[in-house]
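Right, one structure below, let's go through it.
The values are calculated or read from the model by the stated rules, or taken from the named source; none is laboratory data. What you see is a predicted model, and the numbers here were worked out from it, not measured in a lab. All Cβ positions, glycine included, derive from the backbone under ideal geometry; neighbour counts span all protein chains shown. Ligands, DNA and RNA are stripped out before the accessible areas are found, and what is left, the full protein with its side chains, is counted by its heavy atoms. Shrake-Rupley method; radii C 1.70, N 1.55, O 1.52, S 1.80 Å.
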Amino acid sequence: MKERLENIREEALQAISAADVPEKLNDVRVRFLGKKGELTAVLKGMKAVAPEDRPKVGQMVNETRAAIEKVLEDSKSKMERAIREEKMKREVIDVTLPAKKNMVGHRHPNTIALEEVERIFIGMGYEVVEGPEVEYDLYNFEKLNIPADHPAKDEQDTFYINKDIVLRTQTSPVQARVMEQGKLPIRMIAPGRVFRSDEVDATHSPSFHQIEGLVIDKNISFSDLKGTLEVFAKELFGEDTKTKFRPHHFPFTEPSAEVDVSCFKCKGKGCRFCKGSGWIEILGCGMVHPHVLEMCGIDPEEYTGFAFGVGLERIALLKYEIDDMRLLYENDIRFLKQF
Ligand code: DAH
């Protein structure tokens, strides 16, 4: 028996020294110490050993097991250390190399302009709200006093999801949505993406952005509108900016106006920028039509209000003197970095 155990130990040690990768060491462990291994077989054969010799044989088996285990462990840690050292050698880091620059991109002119507009209106106590880009015809047109056969619908042809649902052509539907909630007074701006079936050129895109404004309270008059937009224009384009209100027509406001600002490039003298007129058109506005108030559940005898709509790209193009809108959508970092 003793001899058999010595043979097993001898064979195991040989197999261990022949192993060159950790997997092979594991094979050795299974072969000699595993459940079906050779040492276990010896234990299973104990029945054949005389009972008085059993403790002695058991002790020898345990000694052999311990000896094999110790050599296995030693070889394993030696092998792992060698692998680790080899890996370290392969992965030497040259700390003198210049670091890789992390490109974090740049804020888009639209974003910069929007944050500026938001800052101005938040400063005047406005709330910033959002509405859906996929909108019911009911909100985009109907509740803004633009019934099915209204010619204004031709100017704002868009993408129809179905007969009743469109990609919104303007941010004005957010007015109706907020008014309907019935919380008065209202002082809000609603920025967002809008859509029209327009061909792409230097001043048009099938998708662009607007910022809607709405104020509803008791005793709001056209002079409040004028004062508000004057402050806005001065903050955005400079303290010496003048504003001009030209009569216009929008179905959902009465009276309506378009607002021009004095050209901040030539101070109104006339230049290439303002096409010689000294003025630049920036937005549409007006007093909310009583019919619109009524359709949104507000009593026009008690409440009045004003609204306005600004094109965000228009502001960005003007403010940063960009002469082609397409540049805003290419997202070329060399272009964006300039602002
Ligand atoms: N929604 C209009 C458009 O897209 C812009 C506009 C004009 C908005 C007058 C208003 C407004 O709120 O009062 O052309």
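Derived value for the chain: Kirkwood hydrodynamic radius 26.7 Å. Basis is the mean of 1/r over every pair of different alpha-carbon atoms. For the chain, the relative contact order comes to 15 percent (Cα pairs under 8 Å, sequence separation of at least 6). Cross-linked pairs 267/319; 242/275; 153/265; 242/337; 2/76; 2/36: Cα-Cα separations exceed 25 Å for 153/265; 242/337; 2/76.
Against the longest alpha carbon principal axis of the chain, how many degrees, from 0 to 90 and to the nearest 10, is the axis of helix 222-237 turned? Roughly 50 degrees between the two axes. Rolling a 1.4 Å probe over the protein heavy atoms gives region 2-90 an accessible area of 72 Å² per residue. As a fraction of the 1.4 Å probe accessible area of region 133-280, surface on carbon and sulfur atoms comes out at 50 percent. Longest exposed-loop-site-free stretch of the chain, with GluC sites (Glu not before Pro), DSSP loop and at most 16 other Cβ within 10 Å? The reported range is 1-90.
Our coupling estimate for region 315-326, obtained by passing each phi through the Karplus curve with A = 6.51, B = -1.76, C = 1.60 and θ = phi - 60°, is 4, 5, 4, 5, 4, 9, 6, 9, 9, 9, 4, 4 Hz, Gly and Pro reported as x.
What do you reckon, how do 222, 252 stack up by accessible area (1.4 Å probe), largest on top?
Sorted by accessible area, descending: 222, 252.
Label reach from residue 239 (point 7 Å along Cα→C-beta): in region 248-269, amide nitrogens under 19 Å belong to 262-268. The Rg/Rh ratio for region 178-270, using Cα coordinates for both the radius of gyration and the Kirkwood hydrodynamic radius, is 1.01. Computed with a 1.4 Å probe over protein heavy atoms only, the accessible surface of region 109-336 comes to 48 Å² per residue.
Give the Debye-formula value of log10 I(q)/I(0) at each listed q (0.12, 0.13, 0.17 Å⁻¹), with one equal scatterer per alpha carbon of region 216-292, two decimals each. Once normalised to I(0) and log-transformed, intensities are -0.37, -0.43, -0.67. Summarising the amide proton neighbourhood of residue 157: residues at separation of 5 or more, or on other chains, whose placed amide H is nearer than 5 Å comprise 197. Per-residue extension of 0.36 nm, minus the Cα-Cα distance of residue 108 and residue 204, leaves a gain of 32.7 nm for this segment.
Between 0 and 90 degrees, rounded to the nearest ten: what's the tilt of helix 2-18 against the longest Cα principal axis of the chain? Helix 2-18 sits roughly 40 degrees off the main axis of the chain. How far is the Cα center of region 86-135 from the Cα center of region 243-309, in Å? Going from one Cα centre to the other spans 34 Å.
Per residue of the chain, the DSSP helices (runs of n ≥ 4 H) give a summed -39500 (n - 2.57) that works out to -12500 deg cm²/dmol at 222 nm. Straight-distance candidates among the aspartates and glutamates for linking to residue 234, with alpha-carbon spacing under 17 Å and chain neighbours fewer than 8 residues away dropped: 115, 116, 118, 224, 258, 260, 281.
Computed from backbone phi, the HN-Hα couplings of region 200-213 come to 6, 8, 5, 10, 10, 8, x, 9, 8, 10, 10, 10, 8, x Hz, rounded to whole numbers (Karplus: 6.51 cos²θ - 1.76 cosθ + 1.60, θ = phi - 60°; Gly and Pro given as x). Across region 2-90, counting alpha-carbon atoms alone, Rg and Dmax equal 15.8, 59 Å.
Between residue 277 and residue 154, the FRET efficiency from the beta-carbon distance, with R0 = 30 Å, is close to 0.60.
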